[in-house]
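The values are calculated or read from the model by the stated rules, or taken from the named source; none is laboratory data. Nothing here was measured: the structure is a model prediction, and the numbers come from that model. FYI the Cβ positions are ideal-geometry reconstructions off the backbone, even for glycines, and counts take in every protein chain you see. The area values use the complete protein model at the heavy-atom level, side chains included, leaving out ligands, DNA and RNA. Shrake-Rupley method; radii C 1.70, N 1.55, O 1.52, S 1.80 Å.
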Amino acid sequence: MVDGMETLPAPQGATGAYPGGCFLSYLPVAGQFVNHGRVPHGEGVITLAVDHARRSMVGLTWPRGLLVRCDMHPAPTASASASPSSSTEPQLLTQQPPGQKNMWMFDYPGRGEGESVHPSSGQYRCVCRSLAVDPRTGCAYWSNTKGDVLMLDPNTGDGGKVSVLLSGEEGLVRDYFGSWDPEAPGTMAYHWRQVQWVEGYRGGCIVGIHGNTGYLFELFVPGPGQKPTSAKLQLVDRITSLPSRTCGMEDQFSYGYLGFAVAGPENNPVVFYLTGAPKFGYDGRRIAGKASTAKGESKGDEHLHLVTFQLASRTYRDHGPIFFRDRPGYPTYCNSLAVDYNQNRLYALARLPNGRTDLFRIPIPAEVSCQVQPLP
């Protein structure tokens, strides 16, 4: 930690420097990992999106925030993967393969030096935590702290071409998203927090959340044969918890929450969102947290609520706070969410009262359970 900010540790003794994150896939039937490549220069991979049709992965590195595209190696043949391997440990590379031709790294406008430098340098920029891929075109989308929506077109140039799709008030610089300093630590600034491609809904679009304010938005990106000028981003509604909406305050987590997923029929998909709710004292006043922070953390204790929003009907529901059934307390620091369509459940990772992180599940509320079916 430096001035309250998370940084890469200096190598200690024989430990050595971090060698860099890997792009892996796992074959459940064979019990095998496939390593498609390691990111050079000791960078980790902080977020990832997969283009299944083109067998390609796109990620952002940490701490520098570079964009990386990695094409997957061919899947093993049926004879090679017919029986489980003797070890289920990933076969990790010890160095970046020389002449590796299935990986490309890209700079982009507004990256600065990511989170690898101190803000006093003037080059600090928080790194985006979520990408989305349009399966129709293979294009990947992410944001920067200035509020630009960026696009990687893998069909142009050597490995792809990066461009700014939307900027300024056409992008994420909206009055409803607040006013932010793109160079300051401790917030996501004008970044979106979490996004997901939703197939079929309104012809296919990206649905996402601005983390610091909890505003839901829809992003319509160019389809096959369409020009970039056809893109547009429009706000839908603020889907924070009812207590937050009532008192008009943000979540205590400084980046906003990543527990966001969209599921359901094409004509009326359901947004599931795990978001904070303020706690109140005996005098009825909100219990405030820290005024500011230099990293992604909760600035104060708060409850965790499940909110659902049906996109087509614009139906908002706050299903209330979540408490553990088998132990005292409630989950905090929750930045994940997965939908189990078969068992009608939601799963997430969160911090427990004892400080450990563990998996918990909640039933999908009856009001929306009949709506939830697997997306194609």
Qualifying residues in segment 223-236 (those that are open to solvent by 50 Å² or more (accessible area, probe 1.4 Å) and either of a type in the set (D, E) or in contact with a Lys or Arg (Cβ under 7 Å, 6 or more places away or on another chain) (or both)) - the one modelled with the lowest pLDDT: P224
So A261, is it surrounded by 16 or more Cβ atoms within 10 Å (Cβ to Cβ) and closer than 25 Å to L219 by Cα: yes
Pairs where the first residue, in segment 164-178, is closer than 25 Å to D153 by Cβ and the second is open to solvent by 60 Å² or more (accessible area, probe 1.4 Å) and not in a loop (DSSP other than H, G, I, E, B), C-beta under 8 Å, 6+ apart: L165/P228; L166/K232; E170/K232
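Check segment 294-313 and report whether any residue there is among the aromatic types (F, W, Y), surrounded by fewer than 17 Cβ atoms within 10 Å (Cβ to Cβ) and more than 30 Å from H118 (Cα to Cα).
No, segment 294-313 contains no residue that is among the aromatic types (F, W, Y), surrounded by fewer than 17 Cβ atoms within 10 Å (Cβ to Cβ) and more than 30 Å from H118 (Cα to Cα).
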Test: residue in segment 164-175 that is of a type outside the set (V, I, T), under 22 Å from G259 (Cβ atoms), buried (at least 22 other Cβ atoms within 10 Å of the Cβ) and at pLDDT below 95: no
Single residue of segment 192-220 satisfying the filter (within 19 Å of S241 (Cβ to Cβ) and among the small types (G, A, S)) that is surrounded by the fewest Cβ atoms within 10 Å (Cβ to Cβ): G214
